[in-house]
Amino acid sequence: MMESVLDLLSWALIVIGGAFGIIGGVGIVRLPTFFTRIHAAGMAETMCVPPILLAMMLQSGWSLVTFKLAVILGFLFLTSPAASHALAKAALHGGVSPHDEDIGRS
Amino acid sequence: MNLDSVIDILLLAFMAVIAIAIVRIRDLFGIAMLFSIFSLLSAGVFTVMDAADVAFTEAAVGAGISTILMLATLTRTARKEKPSNSKNPAVALIVVFVTGALLVFGTSDLPRFGDPQAPVHQHVAPRYIEESPKEIGIPNMVTSVLASYRGYDTLGETTVIFTAGIAVMALLGMRRSRRREDDEEID
Amino acid sequence: MYTAAGLAILITMVLAITRTLLGPTVYDRILAVNMFGTKTVLIIAVIAFMSGRTDLLDIALAYALINFIGIVAVLKFFEYGEFSRGGRGRP
Amino acid sequence: MIRYVSLALVLMGIWLLLSGHYDPLLISLGVVSVVVTVWIAARLNVVDHEGHPIHIVLRLLTYFPWLFWEIIKSNVDVARRVLSPSLPISPQVFSVPASQKTDVGRTIYANSITLTPGTVTIDVRGSQVEVHALTTESADGVKTGRMDARVTRFEGES
């Protein structure tokens, strides 16, 4: 009983994570400008990685593996905004304009 | 075809794509980032091949430290690659192809991947596998081979890397202080 | 279950690499590559689970830790590298 | 001093986590590494209010659930906009004030904005945060200042 509930939860999390990952991938291809694509990438990072890692945590139960996954999750969670910010700033300095009127250009 | 081989093929395909991208783009900052991903992908391939320790080193050194070193170098040089002025790219292509063909030809003599009858697995490997936990007391076999059975080797390697590290630090630090003096003159 | 996760991650990786090839600016490529890197960590974790060798997770962990240093290096590059001439961006 | 002790404990935890082998030899190697690391950190002077902010860890626990909920909500919104071309996007840049007093607080606020899809922090200038938003709705969400107030509240007066 407990097993199947955990399995069901893991499946749900993996479906959510996979779906958001793919949507983020579609977004990064489909959205028109660099600064809009950052949002799609951020989405793939915040809604794809944590659910899949959580699903694996549920599957591995109370063990060292769970803690390792938790640490990976924590670090990715800490670094992903820093990375997005670094890129946005780099692009801004590098001359990519974040303003609306550039949509047609790229 | 199981997912393992699908992952294998895709990872190798990604590596090829990224290698082509590295050749094509001219922005060195982008190239440094692509190199880091290339290393990470090779770490992934090593993971699929069960070579955990190699993958570990590749992820830490290839994807991590060398990216930082390349960025540190980039702050001292230009950001754009100069347009290539070689007259005859065909020669380079031929050299690359001949070298590649020789290397591929060389692999035909190698034992199959993971073959238990391979010569490397006949000599001292059984002893390492069976005795090293008792003899050395370290659970990781690779560590006991590197740090104990081949301790002098590793000491030499570490010395080389340490020297290289000091040399790199000296080079980077020297340029920086000179640049600071330049800045003061301009200001 | 891990097969499904692995496939979804691989599809995402394919999409990300499409953007890497399309460009148009170098920042688009880096953005895609960055996303690609996170997905590679994830797929290493999934491979570890699929083959039942959970000690392979250490690789993903090591990369997550190193990645942090790498991003700080990138930020420093843009903060104190060639763009810092004229004091722009300094605290 | 308490910061050094807690840093040592955290490092020891990481060692035990990564090693997974608990015999006396390996654990004593770990202790030696931790002591050396803490000593180097002390020499570098990085174990301070900013480098090892233990004072807000407890309060973070009340902030994270709220942040997660916000992230999920905005994720769904961005996903809908990516998938259906009929929903418009209107990228825009604007500045909002950050009322936090410390750098740690401001960093947490800026990172929270970035973590919520639909908004990315581009730059922090003094107490102004420059934000790029994907849609007018997500921009309005930041402009209401609810997140700002939340971060300021748990940052406290430390």
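The values are calculated or read from the model by the stated rules, or taken from the named source; none is laboratory data. The structure displayed is predicted, hence computed values, not measured ones. Counting neighbours? That spans all protein chains shown, and the Cβs are built from the backbone with ideal geometry, glycine included. Areas reflect the complete protein model, heavy atoms only, side chains present, ligands, DNA and RNA absent. Shrake-Rupley method; radii C 1.70, N 1.55, O 1.52, S 1.80 Å.
Taking the stretch D:1-108, which chymotrypsin sites (Phe, Trp or Tyr not before Pro) meet the DSSP loop condition and have no more than 13 other C-beta atoms within 10 Å? Mind showing how you got there, number by number?
Working: sites: D:Tyr4, D:Trp15, D:Tyr22, D:Trp39, D:Tyr63, D:Trp66, D:Phe68, D:Trp69, D:Phe94; in loops: D:Tyr22.
Filter output for the stretch D:1-108: D:Tyr22.
Picking from B:Val168, D:Thr62, D:Val47, whose Cα lies most toward the positive end of the charge dipole for the protein assembly as shown (charges on Cβ: Lys, Arg +1; Asp, Glu -1)? With unit charges placed on the Cβ atoms, the residue in question is B:Val168.
Considering Cα pairs under 8 angstrom that are at least six residues apart, work out the relative contact order of the stretch D:59-155 and quote it in whole percent.
On the way: 124 pairs, mean separation 32.9, N = 97.
After rounding, I find 34 percent.
So which chymotrypsin sites (Phe, Trp or Tyr not before Pro) in the stretch A:20-103 pass both tests, a DSSP loop state and at most 11 other Cβ atoms within 10 Å of the Cβ?
On the way: sites: A:Phe20, A:Phe34, A:Phe35, A:Trp62, A:Phe67, A:Phe75, A:Phe77; in loops: A:Trp62.
Passing sites in the stretch A:20-103 are A:Trp62.
Along the axis of the charge dipole computed for the stretch C:2-87 (Cβ charges of +1 for Lys and Arg, -1 for Asp and Glu, origin at the Cα centre), the listed residues C:Ala73, C:Ala32, C:Leu21 are led at the positive end by C:Leu21. Ranking A:Gly61, A:Gly95, A:Val49 by how far each Cα lies toward the positive end of the dipole of chain A (charges on Cβ) leaves A:Gly95 at the top. Against chain B, whose longest principal axis comes from its Cα atoms, helix B:3-24 is set at around 20 degrees. The Kirkwood hydrodynamic radius of the stretch C:1-58, based on inverse pair distances between different Cα atoms, is 12.0 Å.
Specify the inter-centroid distance of the stretch A:35-66 and the stretch D:122-138, based on alpha-carbon positions, in whole Å. Each part reduced to its Cα centre gives a spacing of 25 Å. Computed over the alpha carbons of the stretch D:59-155, Rg followed by Dmax gives 13.3, 42 Å.
Accessible surface for the stretch D:2-44, divided over its residues, is 66 Å² per residue with a 1.4 Å probe.
Computed with a 1.4 Å probe over protein heavy atoms only, the accessible surface of the stretch A:1-48 comes to 38 Å² per residue. Once the Cα atoms are used to define both axes, helix B:151-186 deviates from the longest principal axis of chain B by about 10 degrees. Per residue of the protein assembly as shown, the DSSP helices (runs of n ≥ 4 H) give a summed -39500 (n - 2.57) that works out to -24000 deg cm²/dmol at 222 nm.
State which stretch of chain B is the longest one without any exposed trypsin sites (Lys or Arg not before Pro), exposure meaning a DSSP loop state and at most 10 other Cβ atoms within 10 Å.
Values: sites that count: B:Lys87, B:Arg112.
After excluding every exposed loop site, the longest remaining stretch is B:1-86.
In chain D, once you exclude exposed GluC sites (Glu not before Pro) (DSSP loop, at most 11 other Cβ within 10 angstrom), what's the longest stretch remaining?
Details: sites that count: D:Glu50, D:Glu157.
It runs D:51-156.
Taken as Cα centroids, the stretch D:64-113 and the stretch B:35-72 sit 32 Å apart, rounded to the nearest whole angstrom. Based on every Cα atom in the protein assembly as shown, Rg and the maximum pairwise Cα distance Dmax equal 24.5, 76 Å. Between the stretch C:1-75 and the stretch B:128-151, the alpha-carbon centres lie 33 Å apart.
Just so you know, the averaged projected area of the alpha carbon convex hull for the stretch B:1-81 sits at 5.3 nm². Helix B:125-135 and the longest principal axis of the C-alpha atoms of chain B enclose an angle of approximately 90°. Rounded to the nearest 20 debye, the dipole size of the protein assembly as shown about its Cα centre is 1160 debye, using +1 on the Cβ of Lys and Arg and -1 on the Cβ of Asp and Glu.
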